[in-house]
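Colleague: Sharing a structure here in C-alpha coordinates format.
The values are calculated or read from the model by the stated rules, or taken from the named source; none is laboratory data. Computed from a predicted model, the values in this text were never measured in an experiment. Neighbour counts run over all protein chains shown; Cβ positions are idealised from the backbone, glycine included. These area figures cover heavy atoms from the full protein model, side chains too; ligands, DNA and RNA do not enter into them. Shrake-Rupley method; radii C 1.70, N 1.55, O 1.52, S 1.80 Å.
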Amino acid sequence: MTTGTGRASGKLILVGEHAVVHGEPALAFAVDRGTTVHLASVDGPTTVDLPSVDPRLQAAVEHVVGPTGWRVSLSSDLPVGRGMGSSASLAVALVRAHDDATGAHTDAYARALEVERLFHGTPSGVDVAVAVAGGVLRFQRTDPPTRQSLPAPSWQAVVLDSGSAGDTGALVAAVGARRPGIDPQLRRIGELVEAAQQALDDPQALGPLLDENQALLEAIGVSTPRLEALVGLARRHGALGAKLSGAGGGGVVLALVDDPAPLLAAAASEGVDAWVVRPAPGAPA
Ligand code: MEV
(Lines give C-alpha, C1' and ligand atoms only; values in the text may rest on other atoms or scores of the structure.)
Protein backbone atom coordinates (compact mmCIF):
# COMPACT_ATOMS: atom_id res chain seq x y z
CA MET A 1 0.00 0.00 0.00
CA THR A 2 1.26 3.52 -0.85
CA THR A 3 0.62 6.29 1.67
CA GLY A 4 1.23 10.03 1.87
CA THR A 5 0.73 12.86 4.37
CA GLY A 6 0.42 16.61 3.92
CA ARG A 7 -0.26 19.54 6.22
CA ALA A 8 -0.90 23.25 5.66
CA SER A 9 -1.86 26.19 7.88
CA GLY A 10 -4.87 28.42 7.93
CA LYS A 11 -4.48 32.19 7.83
CA LEU A 12 -5.77 35.54 8.98
CA ILE A 13 -5.79 38.67 6.84
CA LEU A 14 -4.36 41.67 8.69
CA VAL A 15 -5.33 44.28 6.08
CA GLY A 16 -6.64 44.15 2.53
CA GLU A 17 -9.33 41.47 2.05
CA HIS A 18 -11.65 41.96 -0.92
CA ALA A 19 -9.50 44.78 -2.37
CA VAL A 20 -6.88 42.07 -3.00
CA VAL A 21 -9.27 40.35 -5.43
CA HIS A 22 -9.25 43.57 -7.48
CA GLY A 23 -5.49 44.00 -7.68
CA GLU A 24 -4.60 45.80 -4.45
CA PRO A 25 -1.99 44.24 -2.10
CA ALA A 26 -2.90 42.49 1.17
CA LEU A 27 -1.02 41.51 4.35
CA ALA A 28 -1.82 38.12 5.89
CA PHE A 29 -0.24 35.64 8.28
CA ALA A 30 -0.41 31.91 8.92
CA VAL A 31 -1.97 30.66 12.16
CA ASP A 32 -1.00 27.64 14.23
CA ARG A 33 -4.14 25.80 13.16
CA GLY A 34 -4.51 23.91 9.91
CA THR A 35 -5.44 20.78 7.99
CA THR A 36 -3.71 17.39 7.81
CA VAL A 37 -4.45 14.94 5.00
CA HIS A 38 -3.49 11.24 4.92
CA LEU A 39 -3.76 9.23 1.69
CA ALA A 40 -3.71 5.45 1.39
CA SER A 41 -3.85 3.69 -1.98
CA VAL A 42 -6.89 1.48 -2.66
CA ASP A 43 -8.36 -0.40 -5.61
CA GLY A 44 -11.53 1.36 -6.70
CA PRO A 45 -13.03 4.83 -6.37
CA THR A 46 -11.45 7.60 -4.30
CA THR A 47 -13.33 7.97 -1.02
CA VAL A 48 -13.19 10.50 1.81
CA ASP A 49 -13.31 9.11 5.34
CA LEU A 50 -16.11 11.27 6.73
CA PRO A 51 -19.68 10.41 7.76
CA SER A 52 -21.06 12.73 5.06
CA VAL A 53 -19.09 14.34 2.23
CA ASP A 54 -20.11 17.68 0.71
CA PRO A 55 -20.09 17.39 -3.12
CA ARG A 56 -17.65 20.33 -3.37
CA LEU A 57 -15.25 18.54 -1.02
CA GLN A 58 -15.49 15.34 -3.09
CA ALA A 59 -14.84 17.37 -6.27
CA ALA A 60 -11.83 19.09 -4.66
CA VAL A 61 -10.34 15.79 -3.53
CA GLU A 62 -10.84 14.18 -6.94
CA HIS A 63 -9.38 17.23 -8.67
CA VAL A 64 -6.10 16.67 -6.80
CA VAL A 65 -5.82 12.90 -6.40
CA GLY A 66 -8.09 11.61 -9.19
CA PRO A 67 -11.47 9.82 -9.14
CA THR A 68 -9.94 6.43 -8.31
CA GLY A 69 -7.16 4.97 -6.25
CA TRP A 70 -7.16 6.71 -2.84
CA ARG A 71 -8.71 6.58 0.57
CA VAL A 72 -8.48 10.14 2.00
CA SER A 73 -8.51 10.99 5.72
CA LEU A 74 -8.80 14.63 6.77
CA SER A 75 -8.40 16.36 10.09
CA SER A 76 -8.63 20.09 10.69
CA ASP A 77 -8.76 22.38 13.71
CA LEU A 78 -9.80 25.38 11.61
CA PRO A 79 -13.37 26.63 11.89
CA VAL A 80 -14.98 26.32 8.44
CA GLY A 81 -16.27 29.45 6.69
CA ARG A 82 -14.85 31.79 9.35
CA GLY A 83 -12.34 33.62 7.13
CA MET A 84 -9.43 31.53 8.37
CA GLY A 85 -8.54 29.90 5.06
CA SER A 86 -9.88 26.42 5.76
CA SER A 87 -10.43 25.56 2.09
CA ALA A 88 -6.98 26.80 0.99
CA SER A 89 -5.39 24.90 3.87
CA LEU A 90 -7.25 21.75 2.79
CA ALA A 91 -6.24 22.25 -0.85
CA VAL A 92 -2.54 22.70 -0.08
CA ALA A 93 -2.53 19.78 2.38
CA LEU A 94 -4.14 17.57 -0.30
CA VAL A 95 -1.52 18.54 -2.89
CA ARG A 96 1.29 17.92 -0.38
CA ALA A 97 -0.14 14.53 0.60
CA HIS A 98 -0.44 13.54 -3.07
CA ASP A 99 3.12 14.69 -3.78
CA ASP A 100 4.30 12.73 -0.74
CA ALA A 101 2.49 9.59 -1.90
CA THR A 102 3.61 9.81 -5.53
CA GLY A 103 7.12 11.25 -5.06
CA ALA A 104 6.24 14.20 -7.34
CA HIS A 105 7.22 17.84 -6.67
CA THR A 106 4.36 19.82 -8.17
CA ASP A 107 3.53 23.53 -7.93
CA ALA A 108 1.39 23.52 -4.77
CA TYR A 109 0.27 27.13 -5.29
CA ALA A 110 -1.01 26.55 -8.83
CA ARG A 111 -2.70 23.23 -8.06
CA ALA A 112 -4.32 24.41 -4.84
CA LEU A 113 -5.57 27.60 -6.51
CA GLU A 114 -7.48 25.42 -9.01
CA VAL A 115 -9.15 23.73 -6.02
CA GLU A 116 -9.94 27.10 -4.38
CA ARG A 117 -11.73 28.09 -7.60
CA LEU A 118 -14.02 25.07 -7.16
CA PHE A 119 -14.92 26.36 -3.68
CA HIS A 120 -14.99 30.14 -4.17
CA GLY A 121 -15.22 31.08 -7.85
CA THR A 122 -12.64 33.86 -8.23
CA PRO A 123 -10.23 33.85 -5.28
CA SER A 124 -7.29 36.26 -5.29
CA GLY A 125 -4.88 33.50 -4.26
CA VAL A 126 -3.87 35.11 -0.94
CA ASP A 127 -5.23 32.25 1.19
CA VAL A 128 -3.38 29.65 -0.90
CA ALA A 129 -0.18 31.71 -0.90
CA VAL A 130 -0.16 31.85 2.92
CA ALA A 131 -1.02 28.16 3.23
CA VAL A 132 1.99 27.37 1.01
CA ALA A 133 4.52 29.80 2.49
CA GLY A 134 3.46 30.10 6.14
CA GLY A 135 4.67 33.12 8.10
CA VAL A 136 3.72 36.68 7.27
CA LEU A 137 3.09 37.55 3.65
CA ARG A 138 2.45 40.53 1.44
CA PHE A 139 0.45 39.26 -1.53
CA GLN A 140 -0.65 40.98 -4.72
CA ARG A 141 -2.58 39.47 -7.60
CA THR A 142 -0.16 40.55 -10.32
CA ASP A 143 0.71 38.20 -13.18
CA PRO A 144 2.55 36.24 -11.86
CA PRO A 145 1.38 36.93 -8.29
CA THR A 146 3.76 38.81 -5.96
CA ARG A 147 4.44 36.92 -2.73
CA GLN A 148 6.82 38.62 -0.32
CA SER A 149 7.62 36.97 3.02
CA LEU A 150 7.99 39.52 5.80
CA PRO A 151 9.71 39.24 9.20
CA ALA A 152 7.19 38.26 11.88
CA PRO A 153 6.24 41.21 14.12
CA SER A 154 6.18 40.68 17.89
CA TRP A 155 2.60 41.79 18.71
CA GLN A 156 -0.29 39.53 19.58
CA ALA A 157 -3.94 39.64 18.64
CA VAL A 158 -7.21 38.16 19.83
CA VAL A 159 -9.53 36.34 17.42
CA LEU A 160 -13.26 36.59 18.23
CA ASP A 161 -15.52 34.07 16.51
CA SER A 162 -18.93 35.40 15.41
CA GLY A 163 -20.20 31.82 15.49
CA SER A 164 -21.52 31.92 11.94
CA ALA A 165 -20.01 31.31 8.53
CA GLY A 166 -19.82 33.69 5.59
CA ASP A 167 -20.10 32.55 1.96
CA THR A 168 -16.80 33.73 0.45
CA GLY A 169 -17.81 33.11 -3.17
CA ALA A 170 -21.08 35.05 -2.81
CA LEU A 171 -19.43 37.93 -0.91
CA VAL A 172 -16.61 38.26 -3.46
CA ALA A 173 -19.20 38.29 -6.27
CA ALA A 174 -21.32 40.91 -4.46
CA VAL A 175 -18.31 43.22 -3.99
CA GLY A 176 -17.41 42.80 -7.67
CA ALA A 177 -20.96 43.77 -8.63
CA ARG A 178 -20.67 47.03 -6.60
CA ARG A 179 -17.77 48.25 -8.73
CA PRO A 180 -16.98 50.82 -10.05
CA GLY A 181 -18.95 52.72 -7.35
CA ILE A 182 -16.75 51.34 -4.55
CA ASP A 183 -13.41 51.69 -6.38
CA PRO A 184 -12.28 54.64 -4.20
CA GLN A 185 -12.81 52.48 -1.08
CA LEU A 186 -10.88 49.57 -2.63
CA ARG A 187 -8.00 51.90 -3.54
CA ARG A 188 -7.96 53.32 -0.01
CA ILE A 189 -7.72 49.78 1.38
CA GLY A 190 -4.64 49.31 -0.82
CA GLU A 191 -3.12 52.46 0.70
CA LEU A 192 -3.81 51.11 4.19
CA VAL A 193 -1.90 47.95 3.28
CA GLU A 194 1.15 50.03 2.30
CA ALA A 195 0.90 51.97 5.57
CA ALA A 196 0.41 48.77 7.59
CA GLN A 197 3.52 47.21 6.04
CA GLN A 198 5.52 50.26 7.18
CA ALA A 199 3.93 50.05 10.66
CA LEU A 200 4.07 46.25 10.97
CA ASP A 201 6.25 46.35 14.09
CA ASP A 202 4.41 49.25 15.72
CA PRO A 203 1.04 48.12 17.13
CA GLN A 204 0.14 51.67 18.24
CA ALA A 205 0.40 52.85 14.62
CA LEU A 206 -1.09 49.65 13.18
CA GLY A 207 -4.27 49.71 15.32
CA PRO A 208 -5.88 52.80 13.71
CA LEU A 209 -5.15 51.34 10.25
CA LEU A 210 -7.16 48.24 11.20
CA ASP A 211 -9.99 50.47 12.43
CA GLU A 212 -10.06 52.38 9.14
CA ASN A 213 -9.97 49.09 7.21
CA GLN A 214 -13.03 47.95 9.19
CA ALA A 215 -14.89 51.16 8.30
CA LEU A 216 -14.12 50.57 4.62
CA LEU A 217 -15.25 46.93 4.83
CA GLU A 218 -18.53 48.21 6.30
CA ALA A 219 -18.76 50.72 3.44
CA ILE A 220 -18.34 48.02 0.77
CA GLY A 221 -21.06 45.94 2.41
CA VAL A 222 -19.33 42.84 3.81
CA SER A 223 -19.61 43.50 7.55
CA THR A 224 -22.56 42.47 9.74
CA PRO A 225 -24.11 43.84 12.95
CA ARG A 226 -22.69 40.85 14.83
CA LEU A 227 -19.15 41.53 13.55
CA GLU A 228 -19.53 45.21 14.43
CA ALA A 229 -20.68 44.28 17.95
CA LEU A 230 -17.52 42.16 18.36
CA VAL A 231 -15.36 45.01 17.03
CA GLY A 232 -17.03 47.28 19.62
CA LEU A 233 -16.43 44.72 22.39
CA ALA A 234 -12.75 44.56 21.42
CA ARG A 235 -12.36 48.35 21.40
CA ARG A 236 -14.04 48.68 24.80
CA HIS A 237 -11.64 46.12 26.28
CA GLY A 238 -8.29 47.47 25.25
CA ALA A 239 -7.92 46.68 21.53
CA LEU A 240 -5.56 49.04 19.71
CA GLY A 241 -7.58 48.35 16.56
CA ALA A 242 -10.05 45.72 15.38
CA LYS A 243 -11.64 44.55 12.14
CA LEU A 244 -13.34 41.60 10.55
CA SER A 245 -10.82 39.27 8.90
CA GLY A 246 -11.58 37.29 5.74
CA ALA A 247 -14.61 37.60 3.51
CA GLY A 248 -17.01 38.84 6.23
CA GLY A 249 -20.73 38.06 6.30
CA GLY A 250 -19.86 36.07 9.46
CA GLY A 251 -16.47 34.64 10.38
CA VAL A 252 -14.05 36.24 12.81
CA VAL A 253 -12.84 39.58 14.14
CA LEU A 254 -9.12 40.23 14.61
CA ALA A 255 -8.26 42.59 17.47
CA LEU A 256 -4.75 43.90 18.04
CA VAL A 257 -3.99 44.02 21.79
CA ASP A 258 -1.18 44.84 24.19
CA ASP A 259 -2.65 42.59 26.85
CA PRO A 260 -5.19 39.95 25.74
CA ALA A 261 -6.53 39.25 29.27
CA PRO A 262 -9.29 41.93 29.52
CA LEU A 263 -10.70 41.09 26.08
CA LEU A 264 -10.52 37.33 26.64
CA ALA A 265 -12.39 37.79 29.95
CA ALA A 266 -15.04 40.02 28.34
CA ALA A 267 -15.50 37.54 25.48
CA ALA A 268 -15.87 34.64 27.92
CA SER A 269 -18.48 36.51 29.95
CA GLU A 270 -20.49 37.08 26.74
CA GLY A 271 -20.10 33.47 25.59
CA VAL A 272 -17.91 34.45 22.61
CA ASP A 273 -15.24 31.95 21.54
CA ALA A 274 -11.92 33.88 21.57
CA TRP A 275 -8.24 32.98 21.48
CA VAL A 276 -4.80 34.58 21.13
CA VAL A 277 -2.79 34.48 17.88
CA ARG A 278 0.82 35.54 17.28
CA PRO A 279 2.28 35.83 13.78
CA ALA A 280 5.21 33.41 13.52
CA PRO A 281 8.07 33.14 11.03
CA GLY A 282 7.29 31.03 7.98
CA ALA A 283 8.28 27.37 7.96
CA PRO A 284 10.09 26.25 4.80
CA ALA A 285 7.37 24.97 2.43
C1 MEV B 1 -10.81 35.58 1.80
O2 MEV B 1 -9.98 35.03 2.80
C3 MEV B 1 -10.24 36.86 1.33
C4 MEV B 1 -10.99 37.55 0.18
O5 MEV B 1 -10.23 38.70 -0.16
C6 MEV B 1 -11.15 36.63 -1.02
C7 MEV B 1 -9.84 36.33 -1.72
O8 MEV B 1 -8.88 37.11 -1.59
O9 MEV B 1 -9.81 35.33 -2.43
C10 MEV B 1 -12.38 38.01 0.62
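Colleague: Rounding to the nearest 20 debye, state how big the charge dipole of the chain is about its Cα centre with +1 on each Lys and Arg Cβ and -1 on each Asp and Glu Cβ. Please report the intermediate quantities before stating the final value.
Modeller: Working: 21 positive and 30 negative charges, 40 e Å.
So the dipole magnitude of the chain works out to roughly 200 debye.
Colleague: A follow-up question, please. Each residue of segment 262-268 in order: what ³J(HN,Hα) in whole Hz does its phi give by Karplus 6.51 cos²θ - 1.76 cosθ + 1.60, θ = phi - 60°, with x for Gly and Pro?
Modeller: With the stated coefficients, segment 262-268 comes to x, 6, 4, 5, 5, 4, 4 Hz.
Colleague: Oh, and also: Taking the Cα centre as origin and putting +1 on Lys and Arg beta-carbons and -1 on Asp and Glu beta-carbons, what dipole magnitude results for segment 113-196, to the nearest 20 debye?
Modeller: Numbers: 8 positive and 9 negative charges, 46 e Å.
Using only the charged Cβ atoms, the result is roughly 220 debye.
Colleague: I'd like the FRET efficiency for Arg236 and Glu191, computed as 1/(1 + (r/R0)^6) with the beta carbon distance as r and R0 of 25 Å, rounded to 0.05.
Modeller: On the way: r = 28 Å, r/R0 = 1.11.
Step by step, r from the Cβ atoms, then E = 0.35.
Colleague: Now for a different question. So how far apart, in nm, are the two label points at Ala219 and Asp32 if each is 7 Å from Cα heading toward Cβ?
Modeller: About 3.7 nm, to one decimal.
Colleague: Give me a comma-separated list of calculated 3J(HN,Hα) values for segment 230-242, in order, Karplus coefficients 6.51, -1.76, 1.60 applied at θ = phi - 60°, integers in Hz, x for any Gly or Pro.
Modeller: Those phi angles translate into 5, 4, x, 4, 4, 5, 6, 10, x, 5, 7, x, 8 Hz.
Colleague: Using θ = phi - 60° and the Karplus curve 6.51 cos²θ - 1.76 cosθ + 1.60, what whole-Hz ³J(HN,Hα) does each residue of segment 181-197 get, with Gly and Pro shown as x?
Modeller: Working through the residues one at a time gives x, 9, 4, x, 5, 5, 5, 5, 4, x, 5, 5, 5, 4, 5, 5, 5 Hz.
Colleague: Between Asp43 and Ser154, 0.36 nm times their residue separation minus their Cα-Cα distance comes to what? Write out the running numbers ahead of the final one.
Modeller: On the way: separation 111, 0.36 × 111 = 39.96 nm, distance 4.95 nm.
Taking Asp43 through Ser154 to full extension adds about 35.0 nm, to one decimal.
Colleague: Moving on to the next point. Would you mind calculating the gained length between Gln58 and Arg117 on full extension (0.36 nm times residue separation, minus the Cα-Cα distance), in nm to one decimal? Please report the intermediate quantities before stating the final value.
Modeller: Details: separation 59, 0.36 × 59 = 21.24 nm, distance 1.40 nm.
Here the answer is 19.8 nm.
Colleague: Further, regarding this structure: List every residue whose amide H lies under 5 Å from the amide H of Gln156, counting only residues 5 or more places away in sequence or on a different chain, with H placed 1.01 Å from N in the peptide plane.
Modeller: Val257
Colleague: Which peptide among 101-109, 129-137, 222-230 comes first, and what is the full order, when sorted by highest mean count of other Cβ atoms within 10 Å? Walk me through the numbers on the way to the answer.
Modeller: Values: 101-109: 14.0, 129-137: 25.3, 222-230: 18.8.
Taking the mean over residues of other Cβ atoms within 10 Å, the ranking is 129-137, 222-230, 101-109.
Colleague: When you count, for each residue, the other Cβ atoms within 10 Å and take the mean per peptide, how do 248-254, 46-52, 149-155 rank with the highest first? Intermediate results must be reported in sequence, preceding the final value.
Modeller: Working: 248-254: 26.6, 46-52: 12.1, 149-155: 14.9.
Output ranking for 248-254, 46-52, 149-155: 248-254, 149-155, 46-52.
Colleague: Something else about it: For Thr168, Thr122, give the ranking by accessible area with the largest first, probe 1.4 Å. Walk me through the numbers before you get to the answer.
Modeller: Values: Thr168 45, Thr122 80 Å².
Result, largest first: Thr122, Thr168.
Colleague: In whole percent, what relative contact order does the chain give with Cα contacts below 8 Å and a gap of six or more residues? All intermediate terms of the calculation are to be shown ahead of the outcome.
Modeller: Values: 673 pairs, mean separation 69.4, N = 285.
Result for the chain is 24 percent.
Colleague: Could you tell me how many cubic angstrom of Cα convex hull volume the chain has per residue? Show your work: numbers first, answer last.
Modeller: Details: hull volume 34.0 nm³, N = 285.
Value for the chain: 119 Å³ per residue.
Colleague: Here is a follow-up. Based on Cβ point charges of +1 for Lys and Arg and -1 for Asp and Glu, what charge dipole magnitude is obtained for segment 3-150 about its Cα centre, in debye rounded to the nearest 20?
Modeller: Numbers: 12 positive and 15 negative charges, 52 e Å.
The dipole magnitude comes to about 260 debye.
Colleague: Which residue, Ser73, Ala261, His22, has the largest displacement toward the positive end of the dipole of the chain when charges sit on each Cβ (Lys, Arg +1; Asp, Glu -1)?
Modeller: His22
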